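The structure appears below as structure tokens.
The values are calculated or read from the model by the stated rules, or taken from the named source; none is laboratory data. All values reported here derive from a predicted model rather than from experimental measurement. Note that we place each Cβ from the backbone using ideal geometry, even for glycine, and neighbour counts take in every protein chain shown.
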Amino acid sequence: MTILRLGWRWLLRDLRHGEIGLLLVAAALAAAAVTTVDFFADRVERALASQVSNLLAADAALEWSEPPPAEWEVEAKSRGLVTARTMSFPSVVLHGDATLLVQVKAVSGDYPLRGRLRSSATLDDATGATAPLAPGAAWAEPRLFAQLGIAPGTAIAIGERELPVTRVVREEPDRGGDLLQVAPRLLLRAEDIPATGLVGPASRVSYRLLVAGDEPAVRAFGAWLAKRLPKGAEWLDPSRARPELQTALDRGTRLLSVAAGTVVLLAGAAALLAARRFVERQVDAAAVLRCLGASSRTLVGLVGLRLGGVALAAALLGGLVGVGAQAALAELVGRWFAAELPPPSAAPLFDAALTTLLVLGATALPPLLRLRSTPPARVLRRELGPPPGSALIAAGVPLAGLAAFFVWRMGDLALGVRALAGVLATLLVLSLAAYGLVRLLGPLRSRGRGAWRQGVAALVRHPVLTSVQTVGFGLGILALLLLTVVRVDLLAAWQAKLPPGTPNHFLINIQPAERQALEGFLADRGLGSPAVLPMIRGRLTEIAGRAVDPASYPSARAQRLASREFNLSHADAPQSDNRVLAGRWWAPGTATPEFSVETGIAETLGIALGDRLVFDVGGRRVAGTVTSLREVHWDSFNVNFFVVGTPALLSGQPATYVTSFHLPAERLDLLPELSRRFPSVTVIDVGAVLGQVRAMADQAARALEYVLAFTLAAGVIVLLAAVQASRDVRAREIAVLRTLGASRRSLYAMLAVEYAVLGLLAGTVAAAGALGTAWLISEAVLGLSYVPSLRLLPLGALGGAVGVGVAGLLAVRRLVRVPPIAVLRAA
Amino acid sequence: MTPHSTTVVRAAGLGKRLRGPEGELRILEGLDLEVMPGDAVSIRGASGSGKSTLLGLLAGLDEASDGEVFLFGHALSPLDEDERAALRAGQVGFVFQSFHLLAGMSALENVMLPLELGGVGDARERASALLERVGLMPRRHHLPSQLSGGEQQRVAIARAFATAPRVLFADEPTGNLDTVTGGRIADVLLELRAETGAALVLVTHDQQLADRCDRRLVLEDGRLGELG
Ligand SMILES: Nc1ncnc2c1ncn2[C@@H]1O[C@H](COP(=O)(O)OP(=O)(O)OP(=O)(O)O)[C@@H](O)[C@H]1O
Ligand SMILES: [Mg+2]
């Protein structure tokens, strides 16, 4: 009871005298970062996911080769979800003598549940507007009109029924991933399908049941359905939607969580320094309390209570900052995304409390345990302090705390341990580098004179403290470098993946005879000379001696891929945006029959390196061995192929050509001319998809900037903690030097040298760390190849020298001004 | 009851060895001492003769290499750090050469500290009375850094007597002060001791101060010798 009262009073005094200010700020910052990032990641992820939802035209969908039973729809509705149905199948339409292969999609009246279906009444209006699709009419993509030579409003024969094609489809949310799909889309209402007589028991139709609603309800329905899912049916949630958007989403969220982890790590480093200093400053008091008969429990209790108070205050403060930040965020996010944001919950406040407890527990416990064994004889001999304490505890407790944090945040033991290993390796390298640099200073001490000599000597005198400070400053500078230079580099590299000239139009069905003329057409009009690649249609019949049976694949996607005709191509060299992951690309001009397969489809269809593939190309057998597996960056919007063969194998086959190019918006008028000159060529506008991918990259980038701002704050806190860590030692040294007659000016010069050199070391270490981090993030997280910007090294070193020099001088300026007697008397 | 239970502090064959850079250092060797209730004992000795070391051993702040110390009749060597602290609580007072007030606490709070640790209810009143007694009531809310050396030592004395201890250990209580101030501090210390009847073990090399005690001992070559 009295301990409680004493602890409370002491805590108030700590707060008043700023003893625990830094510790409080560090823990609060960690808590604020965690709560804000929780809100942020949650909201951004949801907002991004909702954009992906647009691409499903729903929050999730069930896909099956048979009509989903009505009970499923009833169940979905009973869970408060809204539903819609679609069915799609290839068919042939007629107009006069002309026939055209189309991809029919028949939808229910509620379609789409997410995203927009835009259409226009004329072929000239490229934007269109949202309008309901009524029974008794069909809509179609622009090229259907071009290929049939009809205008909107003309009736065409669809099976046994005549329907007018009234509007031009401009944006269809769930158009599907294959941009090279040859058949244009024909959209109509499901009610009109029976009259066409097109769908019979043997038809190859893909049915979808679309659902939308609250995220938990959608997920619960997915789980309910999973137990009843028949063979071949597939549950599609946003994570399965468009691969190019999913890649952008994954990169964005991974980057966010890396940034968030960094904030807590930095705040933890600051807390480690501050907690150590705080507890060490309690040693004198502990010795006196010991003499007065306090037990070790009382000692630990008194300091522990105060730390507990700090944890509580930090959790409240951090939680408040987090709530405030998320309110500001709602503003920002609201502007970025068209999505409705979920209301804030109290859960992040719990996270804030857990974070501060973890941070303070892990950092303060080891020195607290040491404090317990303060020898009371310290009151007689000042040099006596607590025994060094077990290194196992000193290192183990913070590490265990860190591990607990990672496991908690990542929700996965293995991932947490791996993240911890990464952090440890980084810290170890930083510490070793710092210690090495400090050692290198040794010989310099005897060179030079005056302020230089004393400043360097002060650093060399405490090599471990200097190393710790170097790592502390280094982490702070690292955060700054990452926030400024590296962020700009990375974002530039990322956005460079979708540069302004990214192709937004595909041309397919180019006849061999037209190829040269078309290349000339594009070049003459300043549209560049994009690669025009051969495309050969073929059906996959055998994999490694086994006949391909689409029905034998479990997933609808694999079934679809296996039954569809492949677009094959041939080339001597892989495309620049392809990367061979396994095997080797063939030597140019090779005569052997070989294939290179995209990794994703190889996995889906069960194709392995060395397998012999057989395609049926226009009735002829074409066989070759898989000698490489390629990763394809689909988001480059270049023409790419799942399967590429050697020219020797495929160049003799009947081919058409495809290409993609960028058409600036103001030159859309070229398209009619192109269609006139090359009537057989089909133009596909992918501008809308490209726009979506680009918007997502921009949003993730801005989200990242926001989280990195916390990293900046954490970096500053680490710098402050590192300065403070040496303040007590400094104070005594300065006081002694002043009594020995050192002038203020010479002291300032000495301190300036000392902190500048410290900053130089830290900046060098930080720049190296930033280079490594940037490399890791771009290669492993973003999948970009990183070009190291070596300007980081001089920038870090000089910036560190100036920054730490100024910060250090500001921090110790009071020590130089205070009369030395005050310091000496307090000691 | 053992015959020694009446002693406040007793040392028997006490020895302290330390490992120094040039082999073992024998600071105390075969030292005997008995302090009875109410005794005022002064121990003088040259600098480095081991006075502070002896005081630390007698108060249970440190562990002996040989022999035994009995505090209030309890042998100290079997006790651990916490048990020794419990034995001291409220029964032992200290005054040190470098005052050892808690820097963050006011004069009053420093005096209240041992009372609060002992769970005494009217700590504030008793501490105030003691500060009044040493003449520092007007400065009670000042921090140690805002007090002169003599004032700090008076606060330390008030704190030492706060729990009405049975024995007071003082290590050079006037060592950091000028002669006049030191003399006044010695007056306060000895008066309070007389009023409370606490035993006093005082270590100093100040002949005048040592002479104000009933029993005067000298520490030489690790042993105590009695002076008339
Ligand atoms: N922890 C220790 N480590 C090494 N030597 C020690 C230690 N404690 C005491 N000594 C040595 O033991 C001897 C006695 O020290 P002590 O402080 O008891 O002397 P003292 O009589 O109190 O001296 P002074 O009058 O100067 O305070 C000294 O030589 C000192 O150097
Ligand atoms: Mg001494």
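Step by step: first the residues of the stretch A:649-677, then only those that are acidic (Asp, Glu) and assigned to a helix (DSSP H, G or I), then the one that is farthest from A:Phe145 (Cα to Cα). Which residue is that? Full working, then the answer.
The first filter runs over the stretch A:649-677 and keeps only residues acidic (Asp, Glu), leaving A:666, A:669, A:673.
With the extra rule that they be assigned to a helix (DSSP H, G or I), the set shrinks to A:666, A:673.
Numbers: A:Glu666: 23, A:Glu673: 15 Å.
Only one residue fits best here, namely A:Glu666.
Where residues in the stretch B:186-209 are within 12 Å of ligand 2 (Cβ to nearest atom) and among the β-branched types (Val, Ile, Thr), which of them is farthest from B:Ala59 (Cα to Cα)?
That would be B:Thr204.
Which residue, of B:Ser145, B:Ser98, B:Ser106, is of a type in the set (S, T, N, Q), closer than 19 Å to A:Leu292 by Cβ and either touching a His at 6+ places or on another chain (Cβ under 6 Å) or away from ligand 1 (no atom under 16 Å from the Cβ) (or both)? If you could, list the steps in order and put the result at the bottom.
On the way: B:Ser145 fails: closer than 19 Å to A:Leu292 by Cβ; B:Ser98 fails: either touching a His at 6+ places or on another chain (Cβ under 6 Å) or away from ligand 1 (no atom under 16 Å from the Cβ) (or both).
Going through B:Ser145, B:Ser98, B:Ser106 in turn, just one is of a type in the set (S, T, N, Q), closer than 19 Å to A:Leu292 by Cβ and either touching a His at 6+ places or on another chain (Cβ under 6 Å) or away from ligand 1 (no atom under 16 Å from the Cβ) (or both): B:Ser106.
Is it fair to say B:Gly23 is under 26 Å from B:Arg215 (Cβ atoms) and either touching a helix residue (DSSP H, G or I) at 6+ places or on another chain (Cβ under 7 Å) or away from ligand 2 (no atom under 16 Å from the Cβ) (or both)? If you could, list the steps in order and put the result at the bottom.
Numbers: under 26 Å from B:Arg215 (Cβ atoms): no; either touching a helix residue (DSSP H, G or I) at 6+ places or on another chain (Cβ under 7 Å) or away from ligand 2 (no atom under 16 Å from the Cβ) (or both): yes.
Taking the combined requirement at face value, the residue does not satisfy it.
Going by the structure shown, is A:Leu380 at pLDDT 75 or above, farther than 16 Å from A:Leu365 by Cβ, surrounded by fewer than 20 Cβ atoms within 10 Å (Cβ to Cβ) and within 14 Å of another protein chain (Cβ to nearest Cβ)?
Details: at pLDDT 75 or above: yes; farther than 16 Å from A:Leu365 by Cβ: yes; surrounded by fewer than 20 Cβ atoms within 10 Å (Cβ to Cβ): no; within 14 Å of another protein chain (Cβ to nearest Cβ): yes.
No, not satisfied.
Is it the case that B:Ser42 is in a loop (DSSP other than H, G, I, E, B) and polar (S, T, N, Q)?
Values: in a loop (DSSP other than H, G, I, E, B): no; polar (S, T, N, Q): yes.
No: the conditions fail for B:Ser42.
Of B:Leu177, B:Leu143, which residue is within 14 Å of chain A (Cβ to nearest Cβ) and within 16 Å of ligand 2 (Cβ to nearest atom)?
Working: B:Leu143 fails: within 16 Å of ligand 2 (Cβ to nearest atom).
After applying the criteria, what remains is B:Leu177.
For the stretch A:407-425, what are the residues that are touching a residue at least 24 places away in the same chain (Cβ under 8 Å), under 21 Å from A:Gly472 (Cα atoms) and within 21 Å of the chain's Cα centre (by Cα)?
Residues satisfying the conditions are A:Ala419, A:Val423.
Which members of the stretch A:745-774 meet the condition of being in contact with a helix residue (DSSP H, G or I) (Cβ under 7 Å, 6 or more places away or on another chain), surrounded by fewer than 17 Cβ atoms within 10 Å (Cβ to Cβ) and more than 19 Å from A:Ser726 (Cα to Cα)?
A:Ser746
In this structure, is B:Gly183 within 13 Å of another protein chain (Cβ to nearest Cβ) and either within 16 Å of ligand 2 (Cβ to nearest atom) or not in a loop (DSSP other than H, G, I, E, B) (or both)? Spell out how you get there, then give the answer.
Working: within 13 Å of another protein chain (Cβ to nearest Cβ): no; either within 16 Å of ligand 2 (Cβ to nearest atom) or not in a loop (DSSP other than H, G, I, E, B) (or both): yes.
The answer is no for B:Gly183.
Of the residues B:Ala194, B:Ala162, B:Ala156, B:Ala170, which single one is away from ligand 1 (no atom under 16 Å from the Cβ) and under 13 Å from the mean Cα position of the chain (by Cα)?
Values: B:Ala194 fails: under 13 Å from the mean Cα position of the chain (by Cα); B:Ala162 fails: under 13 Å from the mean Cα position of the chain (by Cα); B:Ala170 fails: away from ligand 1 (no atom under 16 Å from the Cβ).
None of the others qualify; the one that does is B:Ala156.
Across the stretch A:296-316, what is the total count of residues that are in contact with a Gly (Cβ under 9 Å, 6 or more places away or on another chain), crowded, with 19+ Cβ neighbours inside 10 Å and within 14 Å of chain B (Cβ to nearest Cβ)?
Count: 3.
Quick one: which residue in B:Leu209, B:Leu200, B:Leu189 is assigned to a helix (DSSP H, G or I), in contact with a helix residue (DSSP H, G or I) (Cβ under 7 Å, 6 or more places away or on another chain) and more than 16 Å from ligand 1 (Cβ to nearest atom)? It would help to see each step written out before you state the result.
Values: B:Leu209 fails: more than 16 Å from ligand 1 (Cβ to nearest atom); B:Leu200 fails: assigned to a helix (DSSP H, G or I).
B:Leu189 is the lone residue from the list that is assigned to a helix (DSSP H, G or I), in contact with a helix residue (DSSP H, G or I) (Cβ under 7 Å, 6 or more places away or on another chain) and more than 16 Å from ligand 1 (Cβ to nearest atom).
List the residue pairs whose Cβ atoms are under 6 Å apart, where the first residue sits in the stretch A:641-670 and is surrounded by 13 or more Cβ atoms within 10 Å (Cβ to Cβ), the second is of a type in the set (Phe, Trp, Tyr), and the two are 6 or more positions apart or on different chains.
Cβ pairs passing all conditions: A:Val643/A:Phe566; A:Val643/A:Phe595; A:Gly645/A:Phe595; A:Thr646/A:Trp586; A:Ser660/A:Phe506.
If you go through the stretch B:74-85 one residue at a time, do you hit one that is in contact (Cβ under 8 Å) with a residue 60 or more places away in the chain, within 30 Å of B:Gly15 (Cα to Cα) and either away from ligand 2 (no atom under 16 Å from the Cβ) or not acidic (Asp, Glu) (or both)? Quick ask: steps written out before the conclusion?
Within the stretch B:74-85, the first condition is being in contact (Cβ under 8 Å) with a residue 60 or more places away in the chain, and the residues that meet it are none.
No, the stretch B:74-85 has no match at all.
Among the residues in the stretch B:32-44, are any away from ligand 1 (no atom under 16 Å from the Cβ), charged (D, E, K, R) and within 11 Å of another protein chain (Cβ to nearest Cβ)?
In the first step, residues of the stretch B:32-44 are kept if they are away from ligand 1 (no atom under 16 Å from the Cβ); the result is B:32, B:34-40.
So of that shortlist, the ones also charged (D, E, K, R) come out as B:32, B:34, B:39.
Okay, now just the ones that are also within 11 Å of another protein chain (Cβ to nearest Cβ), so none.
No.
What residue, of B:Ser98, B:Ser106, is within 12 Å of chain A (Cβ to nearest Cβ) and farther than 27 Å from A:Thr2 by Cβ? Let's see the steps before the verdict.
Working: B:Ser106 fails: farther than 27 Å from A:Thr2 by Cβ.
Step by step, each of B:Ser98, B:Ser106 is checked, and only B:Ser98 is within 12 Å of chain A (Cβ to nearest Cβ) and farther than 27 Å from A:Thr2 by Cβ.
Residue-wise test of (1) at pLDDT 90 or above; (2) touching a helix residue (DSSP H, G or I) at 6+ places or on another chain (Cβ under 8 Å); (3) more than 9 Å from chain A (Cβ to nearest Cβ); (4) not in a loop (DSSP other than H, G, I, E, B).
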{"position": "B:Gly48", "(1), (2), (3), (4)": "no, no, yes, no"}
{"position": "B:Leu55", "(1), (2), (3), (4)": "yes, no, no, yes"}
{"position": "B:Asp62", "(1), (2), (3), (4)": "no, yes, no, no"}
{"position": "B:Glu68", "(1), (2), (3), (4)": "yes, no, yes, yes"}
{"position": "B:Ser77", "(1), (2), (3), (4)": "yes, no, yes, no"}
{"position": "B:Gly93", "(1), (2), (3), (4)": "yes, yes, no, yes"}
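Check whether at least one residue in the stretch B:106-114 is within 16 Å of ligand 2 (Cβ to nearest atom) and either within 26 Å of B:Gly38 (Cβ to Cβ) or modelled with pLDDT of 90 or more (or both), and report yes or no.
Residues of the stretch B:106-114 that are within 16 Å of ligand 2 (Cβ to nearest atom), as a first pass: none.
No, because not a single residue in the stretch B:106-114 is within 16 Å of ligand 2 (Cβ to nearest atom) and either within 26 Å of B:Gly38 (Cβ to Cβ) or modelled with pLDDT of 90 or more (or both).
Can you tell me how many residues in the stretch B:162-184 are of a type in the set (A, V, I, L, M, F, W, C) and at pLDDT below 90?
Residues of the stretch B:162-184 of a type in the set (A, V, I, L, M, F, W, C): B:162, B:164, B:167-170, B:177, B:180.
Restricting the remaining residues to those that are at pLDDT below 90 gives B:177, B:180.
Total meeting the criteria: 2.
Does any residue of the stretch A:406-429 turn out to be more than 20 Å from A:Ala768 (Cα to Cα) and aromatic (Phe, Trp, Tyr)?
Yes, the stretch A:406-429 contains at least one residue that is more than 20 Å from A:Ala768 (Cα to Cα) and aromatic (Phe, Trp, Tyr).
Residue-by-condition table, conditions (1) out of contact with any Lys or Arg (no Cβ under 9 Å at 6 or more places or on another chain); (2) among the basic types (Lys, Arg); (3) closer than 24 Å to B:Leu115 by Cα:
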residue: B:Val8; (1), (2), (3): no, no, yes
residue: B:Asp32; (1), (2), (3): no, no, no
residue: B:Gly50; (1), (2), (3): no, no, no
residue: B:Gly56; (1), (2), (3): no, no, yes
residue: B:Gly60; (1), (2), (3): no, no, yes
residue: B:Ser65; (1), (2), (3): no, no, no
residue: B:Pro78; (1), (2), (3): yes, no, no
residue: B:Asp82; (1), (2), (3): no, no, yes
residue: B:Val95; (1), (2), (3): no, no, yes
